[in-house]
Amino acid sequence: MTTLLIAEHDNKALNEATLRAASAAAQLGDGFDVLVAGEGAGDVAAEAAKIAGAGKVLHADNAAFANQLAEPVADLIVSLADGYDAIVAPATSNWKNALPRVAALLDVMQISDITEVVSGDTFVRPIYAGNAFQKVQTSDAKKVITVRTTAFEAAATDGSASVEAVDNAPDNAISSFKSEQLAGGDRVDLASAKVVVSGGRAFGSKEKFNELLEPLADKLGAALGASRAAVDAGYAPNDWQVGQTGKVVAPKLYIAIGISGAIQHLAGMKDSTTIVAINTDEDAPIFSVADYGLVGDLFELVPELTSALD
Amino acid sequence: MKILVPVKRVVDYNVKIRVKADGTGVDLANVKMSMNPFDEIAVEEALKLKEAGKAEEVIVVSIGPEKAQETLRTGLAMGADRGILIKTDETVEPLDVAKLLKAVVDEEQPKLVILGKQAIDDDANQTGQMLGALLGWGQGTFAYDVELSDDGVDVTREVDGGLQTVSLSLPAIITTDLRLNEPRYASLPNIMKAKKKPLDTKEPGDYGVEIKNRLTVLETTEPPKRAAGIKVGSVAELVDKLKNEAGAI
Ligand SMILES: Cc1cc2nc3c(=O)[nH]c(=O)nc-3n(C[C@H](O)[C@H](O)[C@H](O)COP(=O)(O)OP(=O)(O)OC[C@H]3O[C@@H](n4cnc5c(N)ncnc54)[C@H](O)[C@@H]3O)c2cc1C
Ligand SMILES: Cc1cc2nc3c(=O)[nH]c(=O)nc-3n(C[C@H](O)[C@H](O)[C@H](O)COP(=O)(O)OP(=O)(O)OC[C@H]3O[C@@H](n4cnc5c(N)ncnc54)[C@H](O)[C@@H]3O)c2cc1C
């Protein structure tokens, strides 16, 4: 069975999430093609052609795809779907947004956020904030799947697939892109970082959050994350939220500081290799998942830790 | 204009669920159930639009067992005008939920449908987008801010890298994210009043939708538990362990 893998990118570079979803696509069976839908994303298509195992790259270059709006990209994918038995995308915000639209148009029940491919029609996925895992089998002939990228290794990039242009032009009168505010900056991407330093409500202000965590993250080459409480209070931007309803991360090292460890937060980080927690409350639930717990005041311990890392 | 808000009855977010020992599912006997938190945010947004004079009627709809009435009453107590229960004891997958909601939309002709971005039990994050596809409407998912005008709606969305604003023509679909608003609590008088608000009970058959599940759950298991860790006494000990024991730095 052939799979169509949908690439995550920003028109400039291929996002690593694509490589991880590629590993899931490869496990489905008879190879996969990659779809790069964007505007002026030729470099991305060239990068996608290097994904090990890719049959070919379909490159749809159109202003309508520039911002990956769900309505036109879903129509594009549906127009290509006849040739494929499965459609797979990483569970990034773009594809969480667009793929269910594809599924409904194809009259298929999507399988969200899979963590394991058991066979061509059977998958494992988390429910209840990762407190249970379901093994589900689908009876749909065509499969539409999003992939939890932390559960799969990145595919190698030593391939050399051909790139083919697709010029299916969508007709979209119902939605348009208006603006965006992207954080950007030099900091490593939270979803793919090797080390994540996260702060919670205990910081008390945006100033303290930045003043204490930035130097620590800089020393560790880490991405910054936050609990929902810290985001709601305005200490950190929305896209830093780690958890059931934010980002799911699984870095080599996760440091949770002033975070109590609510199940919704644990859902987003408990698959990290090593977890460190710093909290004044020795009974805080975060310590139940921490490999190393340090009980004490973050306002003293964080600067101390930062200078100890010299 | 009318606004339709689908609300789902789910296990309360404070409950730590348990997987049944025989692997057949999650033990839902006697656990506290509540309205899906994202749906409370959806009801709140609809009510704010009504209070701003931009909508006339807010209708809440739920698909589920008889008890889902309680969830609808919660929505009515918050301020929604009437409720529709589509009663079924079967499992309903998002695609069929979307088909049922489409039938309700065809009948009620709302200009906006505001849903939660995900239900916190199945975490599927699909229903709103599927409904958008079935209706051929635009979608503003993971909404952080909603600006409604006469001929369209601008939705600012929480995306991986920050925020994105899209303009949609009406009618449209919105799904809520956490920071869109803070849902109100229902006051006691409003809870009493809600008991008298109209609540229709229907069945999937009334809408000509046949529930046909595509997914079979073969097994439900608990995630592997992390081995218990240790408490360290000082920053120096922590750094030493991270370097020499875990190899993490
Ligand atoms: C629908 C829904 C979805 C949600 N999704 C998410 C999600 O995706 N991610 C998420 O994180 N949360 C989520 N939550 C929220 C979650 O339930 C918790 O409320 C939140 O994680 C708490 O954040 P916190 O740990 O920073 O704050 P708190 O729970 O208030 O914890 C603060 C901690 O800091 C400690 N502390 C205080 N002072 C100090 C000090 N000086 N030094 C060291 N430690 C100190 C305290 O002991 C405490 O443990 C969600 C909730 C709902 C209802
Ligand atoms: C009696 C009963 C038994 C069930 N048993 C199981 C089971 O054993 N296993 C299982 O996986 N699931 C079970 N379900 C849940 C059912 O499968 C889900 O309703 C469906 O899968 C939707 O997925 P989701 O909630 O994750 O959708 P999402 O796409 O995450 O939901 C997003 C939004 O869609 C709306 N929405 C979703 N569902 C409804 C609804 N029913 N009514 C109104 N609005 C809704 C809400 O606004 C919600 O915020 C059962 C449901 C019922 C009623």
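Just how much of residue B:222 is accessible, in Å², when a 1.4 Å probe is used and the result is rounded to the nearest 10?
Accessible surface of residue B:222 is approximately 90 Å².
Residues with beta-carbon under 12 Å from that of residue A:259, excluding residue A:259: net charge, scoring Lys, Arg +1 and Asp, Glu -1?
Values: positive: A:201, A:228; negative: A:281.
Here the count lands on +1.
So for the pair residue A:165, residue B:67, with labels modelled 7 Å out along Cα→Cβ, what separation do we get in nm?
Distance between the two pseudo-spin positions: 5.9 nm.
Convert 10 °C to kelvin, take the viscosity as 1.306 mPa s, use the Kirkwood radius over C-alpha pairs of the range B:119-249 as Rh, and evaluate the Stokes-Einstein diffusion coefficient in µm²/s, rounded to a whole number. Mind dumping the intermediate values first?
Numbers: Rh = 20.8 Å.
The calculation lands on 76 µm²/s.
Evaluate peptide B:59-66: per residue, the Cβ atoms of other protein chains within 10 Å of its Cβ; return the mean as an integer.
Details: counts 0, 0, 0, 0, 0, 0, 0, 0.
Going residue by residue through B:59-66 and averaging, the value is 0.
Given a Förster distance of 41 angstrom, what is the FRET efficiency for residue B:82 paired with residue A:232, based on the Cβ-Cβ distance and rounded to 0.05? Walk me through the intermediate numbers first.
Values: r = 32 Å, r/R0 = 0.77.
So the FRET efficiency works out to roughly 0.80.
Over the range B:138-207, what relative contact order in percent results from Cα pairs under 8 Å that are six or more residues apart?
Details: 95 pairs, mean separation 20.8, N = 70.
The normalised contact order for the range B:138-207 reaches 30 percent.
What residues of the range A:1-16 lie in the reach of a label at residue A:189, counting those whose backbone N is under 16 Å from a point 7 Å from the Cα along Cα→Cβ?
Under cut-off, by backbone N: A:6-16.
How much accessible area per residue does the range B:1-84 have, in Å², with a 1.4 Å probe? Kindly include the intermediate steps, with their values, before the conclusion.
On the way: 3480 Å² over 84 residues.
Each residue of the range B:1-84 exposes 41 Å² on average to a 1.4 Å probe.
So, R0 is 60 Å and r is the distance between the beta-carbons of residue A:10 and residue A:281; what FRET efficiency does that work out to, to 0.05?
Numbers: r = 40 Å, r/R0 = 0.67.
That gives a FRET efficiency of 0.90.
At R0 = 22 Å, how high is the FRET efficiency between residue A:173 and residue A:66 if r is their beta carbon distance? Nearest 0.05 is fine. Please report the intermediate quantities before stating the final value.
On the way: r = 17 Å, r/R0 = 0.75.
Efficiency, from the Cβ-Cβ distance: 0.85.
How many square angstrom of accessible surface are buried between A and B, both sides summed, with a 1.4 Å probe and rounding to 100? Could the numbers behind the result be given before it?
Values: alone 14630 and 14270 Å², together 22200 Å².
Result for this pair: about 6700 Å² buried.
So if I take the centroid of the Cα atoms in the range A:166-195 and the same for the range B:177-249, what is the distance between those two points in Å?
Here the answer is 26 Å between Cα centres.
Provide Rg over Rh for chain A; use the alpha carbon set for both Rg and the Kirkwood Rh (inverse mean inverse pair distance).
Details: Rg = 20.6 Å, Rh = 20.5 Å.
Dividing the radius of gyration by the Kirkwood radius yields 1.00.
So how much slack lies between residue B:29 and residue B:212, counting 0.36 nm per residue of separation and subtracting their Cα-Cα distance, in nm?
Working: separation 183, 0.36 × 183 = 65.88 nm, distance 2.52 nm.
Contour length minus the Cα-Cα distance gives 63.4 nm.
Sort all Cα-Cα distances of the range A:131-198 into consecutive 10 angstrom bins from zero, then give the percent of pairs in each bin up to the one containing the longest distance.
10, 19, 34, 33, 4
Order the peptides B:43-55, B:71-83 from the highest to the lowest mean number of other Cβ atoms within 10 Å of their residues. Don't jump to the answer; show the numbers that get you there.
Details: B:43-55: 18.7, B:71-83: 23.4.
With the highest mean Cβ count within 10 Å placed first, the list reads B:71-83, B:43-55.
One-quarter of the Cα convex hull surface for the protein assembly as shown, in nm²?
Details: hull surface 99.6 nm².
Spelled out: convex hull of the Cα atoms, projected over all directions, averaged, 24.9 nm².
Considering only DSSP beta bridges whose two residues both sit in the protein assembly as shown, what percent are antiparallel, to the nearest 5? Provide the component values of the computation, followed by the final result.
Values: 40 of 114 bridges.
Once the DSSP bridges in the protein assembly as shown are tallied, antiparallel ones form about 35 percent.
Based on the alpha carbon coordinates of chain B, what radius of gyration and maximum Cα-Cα distance (Dmax) apply, in Å?
Rg then Dmax for chain B, in Å: 21.1, 68.
With each pseudo-label sitting 7 Å past Cα toward Cβ, what's the residue A:181-residue B:222 distance in nm, one decimal?
4.4 nm
Test of understanding: what is the full-extension gain from residue A:214 to residue A:158, defined as 0.36 nm times their sequence separation minus their Cα-Cα distance?
Values: separation 56, 0.36 × 56 = 20.16 nm, distance 3.57 nm.
This chain segment gains 16.6 nm when fully extended.
Using mean Cβ contacts within 10 Å as the protection proxy, how do B:230-242, B:125-137, A:30-42, A:235-247 order, highest first?
Values: B:230-242: 16.2, B:125-137: 25.7, A:30-42: 20.7, A:235-247: 23.2.
The packing order, highest mean first, is B:125-137, A:235-247, A:30-42, B:230-242.
Using a 10 Å cut-off on Cβ to Cβ distances, tally the other chain neighbours for every residue of A:245-252 and report the average as a whole number.
Working: counts 13, 3, 1, 0, 0, 0, 1, 4.
That average works out to 3.
Could you work out the relative contact order of chain B? I mean the mean sequence separation of Cα pairs under 8 Å and 6+ apart, divided by the number of residues, in percent.
Details: 488 pairs, mean separation 57.6, N = 249.
Dividing the mean separation by the residue count of chain B yields 23 percent.
Shielding by partners for A:107-120, please: the mean number of other protein chain Cβ atoms within 10 Å of each residue's Cβ. It would help to have the intermediate numbers written out before the result.
Details: counts 4, 2, 11, 10, 4, 7, 4, 0, 1, 0, 0, 2, 0, 0.
Going residue by residue through A:107-120 and averaging, the value is 3.
Normalised by the residues of the range B:108-249, what does the relative contact order come to in percent, with Cα pairs under 8 Å and at least six apart? All intermediate terms of the calculation are to be shown ahead of the outcome.
Details: 157 pairs, mean separation 26.9, N = 142.
Once normalised by length, the contact order is 19 percent.
The values are calculated or read from the model by the stated rules, or taken from the named source; none is laboratory data. The structure presented is a predicted model; accordingly, all values stated were derived computationally and were not measured. We place every Cβ from the backbone using ideal geometry, glycine too, and count neighbours over all the protein chains shown. Side chains included, ligands, DNA and RNA excluded: accessible areas come from the protein's heavy atoms. Shrake-Rupley method; radii C 1.70, N 1.55, O 1.52, S 1.80 Å.
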